[in-house]
Amino acid sequence: MNYETLKVERRGRVGIVTLIRTEALNALNNRLMDELTHAIDALEADEAIGCMVLTGSGRAFAAGADIKEMAFKTYPEAFGEDFLTRNWERVTRTRKPVIAAVNGLALGGGCELAMMCDFILASDKARFGQPEIKVGVMPGAGGTQRLARFIGKSKAMEMCLSGRMMDAEEAERCGLVSRIVPDSQLLDEAIRTAEVIAGHPQPMVMMTKEAVNRAYETTLSEGVRVERRLAQSVFAFADQREGAQAFIEKRPPKYKHR
Ligand code: DAK
C-alpha cells in the first residue's frame, strides 16, 4: 500500500508508525484509518518485529475523527458502511504491544486511539480530551468506556460532558498515561522502551499483554485463572529454559522468541 497519511519505519525489532496528516492535526479520516489498519497488519505479521510505537507529528497526536468527513453523514450511510468501526479497532486486536507516544493534542477519536494502545507515554506538551460534545456528537470509539476505566467515573464524566482538555501532568496524576517525557526526548524514549520490551521473549510478552488485558474484561478470580494457565504454559517454550540457564550461568540470555 502506498501510504499518504502515515510513515512506517523499522528500527531493529521495533516498528514505528507516525501519523503525518500534519496540516489537519492528524484528524482521523477514512484513508488514514485504512492505512493504519494496513500498517499494523504488516507489522503484526512481521516476525522480526516485537513491539510497535504509534506517534503523531507537529502539534498533534490526533485531533479526533475528521469532522469535515462526517459533517453530512446520514444514519443509513453510517450504519451501512460501519462508519468509524470497520477500520477503527485494529490496534485493539494486536497481540504484540503497541505504545502510544503522545506528542501533542490527543482529542476525541485521537484520545480514544491512544487509549486503544497498551500504554501511553506523554510528551510534556501532550493534551487529552473528549470534546466531541462541543461539535454536536459524542465519543463513539470507546471514549466513555475506556476513560471511565482508566481515570474513574467522576473525572471521565466531567471530561466527556464538559469537553475540557487535561494537560500531561493531570493525565499522569489520574493514571491515563504511564509517564511524562520531555517533548524533545519523547520518540527516543518510546523507541528505547519498545526495544526493551521487544528484547524480552516474544511469547511471554504476548501472553503477559493478554493477561493484563483480562483484568479489564473479567472477574478477579477468572482473570487469575487465565494468568495461572498462561504462566504454566511458559514451560513449553525454549526461551524459558534459556532465560533460567542464562541467569544461572550469569550471562545475557539469547532468546529465539520461541
Ligand atoms: N477534523 C477535521 N479537521 C480538523 C480537526 C478534526 N477533528 N481538528 C483540526 N482540524 C483541522 C482544522 O480544520 C484546520 O484545517 P484548515 O482549516 O487549516 O484547513 C487545521 O486542522 C488546524 O486546526 P485549527 O486551525 O483549528 O487549529 P487551532 O490551533 O486554532 O485549534 C483545536 C486546535 C484542536 C482546538 C481545533 O482544531 C479543534 O477544536 N479541533 C477539533 C477537535 C475535536 O472536536 N475533536 C473531536 C472530533 S469528533 C464514532 C467513533 C468515533 C467518533 C465519533 C463516532 N462512531 C463509532 C460512530 C469520534 C468523534 C470525534 O473525534
Here, chymotrypsin sites (Phe, Trp or Tyr not before Pro) of region 40-82 satisfying both criteria (DSSP loop; at most 10 other Cβ within 10 Å) are F72
Row for region 189-233, column shape: gyration tensor on C-alpha, a ≥ b ≥ c, rounded if a/c < 1.5 i.e. under 1.5, prolate if a/b over b/c, else oblate; value oblate
For region 195-225 the GluC sites (Glu not before Pro) that pass both the DSSP coil test and the at-most-10 other-Cβ-within-10 Å test are E217
Taking a ≥ b ≥ c as the square roots of the Cα gyration tensor eigenvalues, with a/c under 1.5 meaning rounded and otherwise prolate when a/b beats b/c or oblate if not, region 33-105 comes out oblate
Stretched fully, the stretch from A42 through R241 gains (0.36 nm per residue minus C-alpha distance, one decimal, in nm) 68.6 nm
Expressed in angstrom and rounded, the centroid-to-centroid distance over alpha carbons for region 60-131 and region 219-258 is 34 Å
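Under 13 Å from the Cβ of E81, count the other residues' Cβ atoms, weight Lys and Arg +1, Asp and Glu -1, and hand me the total.
Details: positive: K73, R86; negative: D34, E69, E77, D82.
Neighbourhood net charge equals -2.
Per-residue ellipticity at 222 nm for the chain, helices alone: DSSP H runs ≥ 4 residues times -39500 (n - 2.57), over residue total, nearest 500 deg cm²/dmol? List each step's numbers first, then the result.
Working: 11 runs with 111 residues, N = 258.
Calculated from helices alone, the mean residue ellipticity at 222 nm is -12500 deg cm²/dmol.
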On the formula 1/(1 + (r/R0)^6), with r taken between the Cβ atoms of R258 and E195 and R0 of 30 Å, the FRET efficiency rounded to 0.05 is 0.95
Hits in region 162-187: amide N under 14 Å from the 7 Å Cα→Cβ extension of S154, namely 174
A correct Karplus calculation of ³J(HN,Hα) over region 88-103, with 6.51 cos²θ - 1.76 cosθ + 1.60, θ = phi - 60°, whole Hz and x for Gly and Pro, returns 9, 10, 4, 4, 5, 9, 5, 9, 7, x, 10, 9, 8, 9, 8, 8
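Calculate how large, on average over all directions, the projected area of the Cα convex hull of region 33-172 is; give the answer in nm² to one decimal. Can you show the working numbers first?
Details: hull surface 34.8 nm².
Computing the convex hull of the Cα atoms and averaging its projections yields 8.7 nm².
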P(r) of the chain over all Cα-Cα pairs, 5 Å bins starting at 0, rounded to whole percent, reads 1, 6, 12, 16, 18, 17, 13, 8, 5, 2, 1, 0, 0, 0
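Are there any GluC sites (Glu not before Pro) in region 1-69 that are in a DSSP loop and have at most 12 other Cβ atoms within 10 Å? List them by number. Don't skip to the end; give the middle numbers.
Numbers: sites: E4, E9, E23, E35, E44, E47, E69; in loops: E4, E47.
Filter output for region 1-69: E4, E47.
Taking square-rooted eigenvalues a ≥ b ≥ c of the alpha carbon gyration tensor, is region 170-258 rounded, prolate or oblate, where a/c under 1.5 means rounded and, failing that, a/b exceeding b/c means prolate? Provide the component values of the computation, followed by the final result.
Numbers: a/c = 2.93, a/b = 1.19, b/c = 2.46.
Oblate shape, in that a/c is at least 1.5 and b/c is the bigger or equal ratio.
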Expected sort for 11-18, 130-137, 115-122 on mean C-beta neighbours within 10 Å, highest first, is 115-122, 11-18, 130-137
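What FRET efficiency would be calculated for the residue pair L220, R93, taking the C-beta separation as r and a Förster radius of 25 Å, to the nearest 0.05? Each step should come with its number before you reach the end.
Values: r = 24 Å, r/R0 = 0.97.
E between L220 and R93, to the nearest 0.05, is 0.55.
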Here the residues of region 114-144 lying in the modelled label zone of T85, meaning backbone nitrogen under 19 Å from a point 7 Å along Cα-to-Cβ, are 116, 137-144
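The numbers here are math on the coordinates, done by the rules we state, and not lab data. What you see is a predicted model; the values in this text were computed from it and never measured. Neighbour counts are summed over all protein chains in view; Cβ atoms, including those assigned to glycine, are modelled from backbone coordinates with ideal geometry.
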